[in-house]
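Engineer: What follows is a structure written as structure tokens; I'll ask about it next.
The values are calculated or read from the model by the stated rules, or taken from the named source; none is laboratory data. No experiment lies behind these values; they were computed from the predicted model shown. In this analysis, Cβ positions are derived from the backbone assuming ideal geometry, glycine residues included, and neighbour counts consider all displayed protein chains. These accessible areas exclude ligands, DNA and RNA; they are computed on the full protein's heavy atoms, side chains included. Shrake-Rupley method; radii C 1.70, N 1.55, O 1.52, S 1.80 Å.
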Amino acid sequence: MLENQLLLRLAEQYGTPLYVYDLDLVTARYRDLFEFIPDPGLEIRYAMKANYNVALLRHFNAIGCGLDTVSPAEVLLALKLGFPPERIIYTANNLTDAEVALVRETGVLMNLGSLSRLEKFARAYPGSRICLRFNPDVCDGDNERTMTAGALTKFGLLFDDLAAVLAIVRRHRLRVVGLHEHTGSGLQRVESVFQSMCNLMAIATPGNFPDLEFLDFGGGFKVPYRPDEARVDYRSMGTEIARLFADFCRGYGRPLKILFEPGKYLVAECGVLLTRVNTLKHNRQREIAGCDSGFPQLIRPVLYGAYHQVDNLSNPEGPRRCYDVCGNICETGDRFAEQRELPEIREGDLLAIRNAGAYCYAMGGVYNLRPMPTEVVVQEGRARLARRGFSHRELAERILELSETEPGDGTGKA
Ligand code: LLP
């Protein structure tokens, strides 16, 4: 855990708003998965969409973790950072032919999730090694928009289409080396993990897929966001996962690798967004604490109604009051927390928004032309700058530069 004193000091040193990530916690989360899931074939592929901070990615590479990628630029960045292609999986979603070609050239394994793309891929690249993503038909997730299975999702091949899938695979001699499913993010019930595994394992027979090297059961392991939320007992969940998979491998006839690709579990709790309150306002019933960050820098509360714990680091013992913690963006909905009880906030106080390591900076943008915050990583008690945020002046200049470097060329392509 990052100590409050350290966070106060970093806010002074680097200014606010500021993202801080604890790399030691990331290592601990990565290692505990190996302890909890006692299968010798376990491999973890961090879902880099959760946070693409380069220092964090280098750290994952150093500790031996692989990556789950979802765009050509993610693949290219991962390779530039030295991740070996065989430790990367590319989960395709509504790709263009050009994107497929680009990723394929890198040697990274493609994970295809639609009949249409599978057919086009098979024709273009017969005989290739591929992974197939199936919709596991289990609905779970921390909110409707992060459930990736069931009838309403765009992801994955349907089990109903298995015969059509096998026909394409056989016609074009594809080598299906992996099967994949991802149920959703922030899974609320451990049974969902088991059920999705069983549904995928049911079609993973040597008769259907004789070339399998692994099964990939996606991410979705939840972590507590609310102070009163219990932590899932991952030890007993992991034991059951290992048991189910060992049974499956016995039936399949040889041991396969088992992959998971968590994002939140590995990085959510390692991050904090520090923001300073600059304006207090009493608005009839509401006490409004206005701070120097806003929803484009941490959008989860606005987009999903997600709860993020807020701590007043500079007045932790103050009498508790109720606040709307608002940002600096010109929208009424720009709130990190609504009607939240917090130790009294004074102008100048430093707030920490917790669990800001996953899907926070990564989903950020510069709406209202506010530069994204600087990012700092802490490792073995030492902090270092990971990525400097633009100043207001730099952001304005950068936009001009990007807009006017190639006048007349409206293609928008590099
Ligand atoms: N694998 C696949 C194929 C995925 O689509 C995802 C997340 C993951 C793994 C990692 O899931 P995780 O372990 O992080 O739950 N922006 C949302 C979450 C979207 C997740 C998208 N896919 C949020 O902030 O809650």
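Engineer: Can you find even one residue in the stretch 217-232 that is farther than 30 Å from residue 12 by Cα, more than 16 Å from the ligand (Cβ to nearest atom) and of a type outside the set (Val, Ile, Thr)?
Structural biologist: Within the stretch 217-232 (the criterion being farther than 30 Å from residue 12 by Cα, more than 16 Å from the ligand (Cβ to nearest atom) and of a type outside the set (Val, Ile, Thr)), the answer is yes, since at least one residue qualifies.
Engineer: Any residue in the stretch 131-156 that is under 21 Å from residue 204 (Cβ atoms) and touching a residue at least 40 places away in the same chain (Cβ under 8 Å) sitting within a Cβ distance under 6 Å of a residue that is of a type in the set (Gly, Ala, Ser) and open to solvent by 10 Å² or more (accessible area, probe 1.4 Å)? List the pairs, counting only those 6 or more apart or interchain.
Structural biologist: 133/113; 133/156; 134/156; 135/156; 155/113; 156/113
Engineer: Does residue 373 satisfy the criteria of being touching a residue at least 40 places away in the same chain (Cβ under 8 Å), open to solvent by 60 Å² or more (accessible area, probe 1.4 Å) and in contact with a strand residue (DSSP E or B) (Cβ under 7 Å, 6 or more places away or on another chain)?
Structural biologist: Criteria not met by residue 373.
Engineer: Does residue 230 meet the test of being in a loop (DSSP other than H, G, I, E, B) and farther than 28 Å from residue 58 by Cβ?
Structural biologist: yes
Engineer: A further question follows. Go through 133, 145 for me and flag whichever is of a type outside the set (Gly, Ala, Ser) and in contact with a helix residue (DSSP H, G or I) (Cβ under 9 Å, 6 or more places away or on another chain).
Structural biologist: Step by step, each of 133, 145 is checked, and only 145 is of a type outside the set (Gly, Ala, Ser) and in contact with a helix residue (DSSP H, G or I) (Cβ under 9 Å, 6 or more places away or on another chain).
Engineer: Another question about this same structure. Answer with yes or no whether residue 357 is touching a Ser or Thr at 6+ places or on another chain (Cβ under 9 Å) and not hydrophobic (A, V, I, L, M, F, W, C).
Structural biologist: Judged against the criteria, residue 357 is not a match.
Engineer: Can you confirm whether the stretch 27-43 contains a residue that is open to solvent by 20 Å² or more (accessible area, probe 1.4 Å), more than 30 Å from residue 213 (Cβ to Cβ) and of a type in the set (Phe, Trp, Tyr)?
Structural biologist: Checked against the condition, which is being open to solvent by 20 Å² or more (accessible area, probe 1.4 Å), more than 30 Å from residue 213 (Cβ to Cβ) and of a type in the set (Phe, Trp, Tyr), the stretch 27-43 yields no hits at all.
Engineer: While we're looking at this one, here's another question. Quick one: which strands (runs of 3 or more DSSP E) lie wholly within the stretch 70-172 and hold at least 1 residues that are more than 16 Å from the ligand (Cβ to nearest atom) and on the phi < 0 side of the Ramachandran plot?
Structural biologist: Fully inside the stretch 70-172 and qualifying: 129-133.
Engineer: Mind checking which strands (runs of 3 or more DSSP E) fall wholly inside the stretch 301-362 and carry at least 2 residues that are of a type in the set (D, E, K, R) and surrounded by fewer than 18 Cβ atoms within 10 Å (Cβ to Cβ)?
Structural biologist: 320-326, 335-343
Engineer: Give me a count of the residues in the stretch 109-152 that are open to solvent by less than 10 Å² (accessible area, probe 1.4 Å) and β-branched (Val, Ile, Thr).
Structural biologist: 1
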